[in-house]
Amino acid sequence: MDFMLSDEQRMLQDAVRGFVRKECPPEEIAACSKAGEHREDVWQKFAGAGWLGIGIDPEYGGSGGDLLDTVLVVEAASAAGDVIGPLFPTMCFGGHLLASAGSEAQKKVLLPELVAGRRRFALSLTEPGGGTDVLGAMRTTATRDGEDWVIEGGKIFTSAARSAHHLIVAARTSAPRDGKKAYGVTLFLVDTDAAGVAIDPIEVLSGEDTNIVSYDGVRVGGDAVIGEVDRGFYQLIGMLNHERIGTAALCLGWAQAALDEVLVYAGQRDAFGGTIDRFQSVQHSVARMHLLIEQARLMVYRAAWMQSQGLECGPEATAAKAVAAENCFTACDLGMQVMGGIGYTLECGVNRNWRKTRLYRLAPIANEMALNFVAESLGMPRSF
Ligand SMILES: Cc1cc2nc3c(=O)[nH]c(=O)nc-3n(C[C@H](O)[C@H](O)[C@H](O)COP(=O)(O)OP(=O)(O)OC[C@H]3O[C@@H](n4cnc5c(N)ncnc54)[C@H](O)[C@@H]3O)c2cc1C
């Protein structure tokens, strides 16, 4: 059993960490978070380093590498908060989905643009009727009209839509077959500025770019279909491990940044004639933060490694997401307690990361649903 990262992986991790330290100082992270915007110049520099191309074949302009490399990049970059930009939706829904399910023409045109930082992507799947039973709630349709398709419907919680150039939209194109609701859904690539697309912000706890997106008679050509007509949901299922492991990596980065901040703060804050880091209660909170993050990190790296080796790892990826979300949120919560009143202010980085990690207890799959899948993998009957 080898738990060591390779020299190349350590260099990659160090390089992204160095980039974050240099380009994304704490005051910039706070400013971008407050504005709900990223810094386009930093996004461009990040792309210029080739990191958006991790996991993408060099044939399409990518840097190669596997999911563990992606995890290292996402984890290190998430400490930058919102400064770099919404890299995860682009790397996962743009990069990985297009690379695995896109047509040759889509890959040739879009992947090099993505890698160069000129195109960003967002996934528009969840509808107002529900995200866990996403197929049961899906009302958005796409209807053929000659060579074209016309999309009609609406989505909720589409992250990064305001800064994206393309939306990946799931729409029903046929009725379910043999009782399988997953059949009959198609994925479409829709430009965010296409006629009939309306994007309305939703205010959320973490202040991120989150939106309602309406599709009012949006017309796209046949070349906008990603993968096979009616089989789009199966293509999304093929991407689930990436999504779960990647979002777990985001949580690791936020919780680690919180721990780093708490360590500094506890060494500077005075109470009763000395710094608070001499109190056992503070030390235990900091130690627990570390243990929670390490526990989650082991599960996330193992799941990423399994996926990279081509091993079946659905339960491991799902468990890694659930544990990372719970542990990292708890770690940030402990950190807020150590920071006292300062931890409760919105400018505080630990507070910001507490808000960010909170989301991943309910998204992209709610942790209750993750537990359903884990129970099923242990041989228990499907509960839903
Ligand atoms: C800030 C934010 C960003 C998001 N970004 C995106 C995005 O970019 N693209 C996108 O498509 N979606 C996105 N989502 C949607 C997200 O994936 C859903 O919110 C999530 O899947 C949960 O769905 P829901 O909110 O409809 O909750 P519901 O499905 O209504 O669930 C409500 C509660 O019921 C529980 N529950 C439901 N079914 C079961 C069951 N079978 N067993 C046990 N418990 C159950 C859930 O665990 C939860 O606690 C985002 C959401 C948020 C809040």
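The values are calculated or read from the model by the stated rules, or taken from the named source; none is laboratory data. Everything numeric in this text was worked out from a predicted model, so none of it was measured. Methodologically, a virtual Cβ is constructed for each residue, glycine included, from the backbone with ideal geometry; neighbour enumeration extends over all protein chains shown. The area values use the complete protein model at the heavy-atom level, side chains included, leaving out ligands, DNA and RNA. Shrake-Rupley method; radii C 1.70, N 1.55, O 1.52, S 1.80 Å.
The H on the amide N of THR210, modeled in the peptide plane, is under 5 Å from the matching H of ALA160, ILE202, each at least 5 residues off or on a different chain. In the chain, a dipole from Cβ-located charges (positive for Lys and Arg, negative for Asp and Glu) runs towards its positive end, and of GLN44, GLY102, TRP254 it is TRP254 whose Cα lies farthest in that direction. Phi-derived couplings, Karplus 6.51 cos²θ - 1.76 cosθ + 1.60 at θ = phi - 60°, listed residue by residue for the stretch 153-158: x, x, 10, 10, 6, 7 Hz, with x used for Gly and Pro. With all protein chains kept in place, the per residue accessible area of the chain amounts to 45 square angstrom at a probe of 1.4 angstrom.
Loop-located GluC sites (Glu not before Pro) across the stretch 173-271 with a Cβ neighbour count of 14 or fewer within 10 Å are GLU203, GLU228, with loop assigned by DSSP.
Database remark: amide H of ILE54 closer than 5 angstrom to the amide H of SER63 (H placed geometrically; neighbours at sequence offset of 5 or more, or on other chains; Pro and chain starts carry no H). In this Cβ point-charge picture (+1 for Lys and Arg, -1 for Asp and Glu), the stretch 131-211 has a dipole of about 460 debye about its Cα centre. For the chain, the dipole from Cβ point charges (+1 on Lys and Arg, -1 on Asp and Glu) about the Cα centre works out to 580 debye, to the nearest 20.
Per-residue ellipticity at 222 nm for the chain, helices alone: DSSP H runs ≥ 4 residues times -39500 (n - 2.57), over residue total, nearest 500 deg cm²/dmol?
Per the formula, -15000 deg cm²/dmol.
Residues whose amide H comes within less than 5 Å of that of HIS165, counting only those at least five positions distant or on another chain, are ARG120, PHE121 (H built at 1.01 Å from N in the peptide plane). Applying a 4.7 Å Cβ-Cβ cutoff to the chain, the cysteines left without a disulfide-compatible partner are CYS24, CYS32, CYS92, CYS313, CYS332, CYS348.
Can you compute the equivalent ellipsoid semi-axes for the stretch 218-285, i.e. the square root of 5 times each eigenvalue of the Cα gyration tensor, sorted largest first and rounded to whole Å? Walk me through the numbers before you get to the answer.
Details: eigenvalues 530, 33, 9 Å².
For the stretch 218-285, the ellipsoid semi-axes come out as 51, 13, 7 Å.
Using the Cα gyration tensor of the stretch 102-241, with a ≥ b ≥ c the square roots of its eigenvalues, what is the shape: rounded (a/c below 1.5), prolate (a/b larger than b/c) or oblate (neither)? Verdict is rounded for the stretch 102-241. Each of the peptides 249-260, 292-303, 169-180, 267-278 was scored by the mean count of other Cβ atoms within 10 Å over its residues; in descending order, highest first, they stand as 249-260, 292-303, 169-180, 267-278.
PRO201 sits among other residues whose Cβ lies under 11 Å from its own Cβ, and their net charge, with Lys and Arg +1 and Asp and Glu -1, is -3.
Each Lys and Arg Cβ is given +1 and each Asp and Glu Cβ -1; about its Cα centre, the stretch 239-377 then shows a dipole of about 160 debye.
Its Cα gyration tensor gives the stretch 7-119 an equivalent ellipsoid; the semi-axes, largest first and in whole Å, are 24, 16, 11. Carbon-plus-sulfur accessible fraction, the chain (probe radius 1.4 Å, protein heavy atoms only): 55%. Taking every full run of DSSP H in the chain, the ones that stretch at least 30 Å from end to end by Cα along their long axis and average -1.0 or higher on the Kyte-Doolittle scale are 240-266, 280-308, 314-338.
With Cα atoms defining each centre, the stretch 162-218 and the stretch 243-290 are spaced 38 Å apart in the structure.
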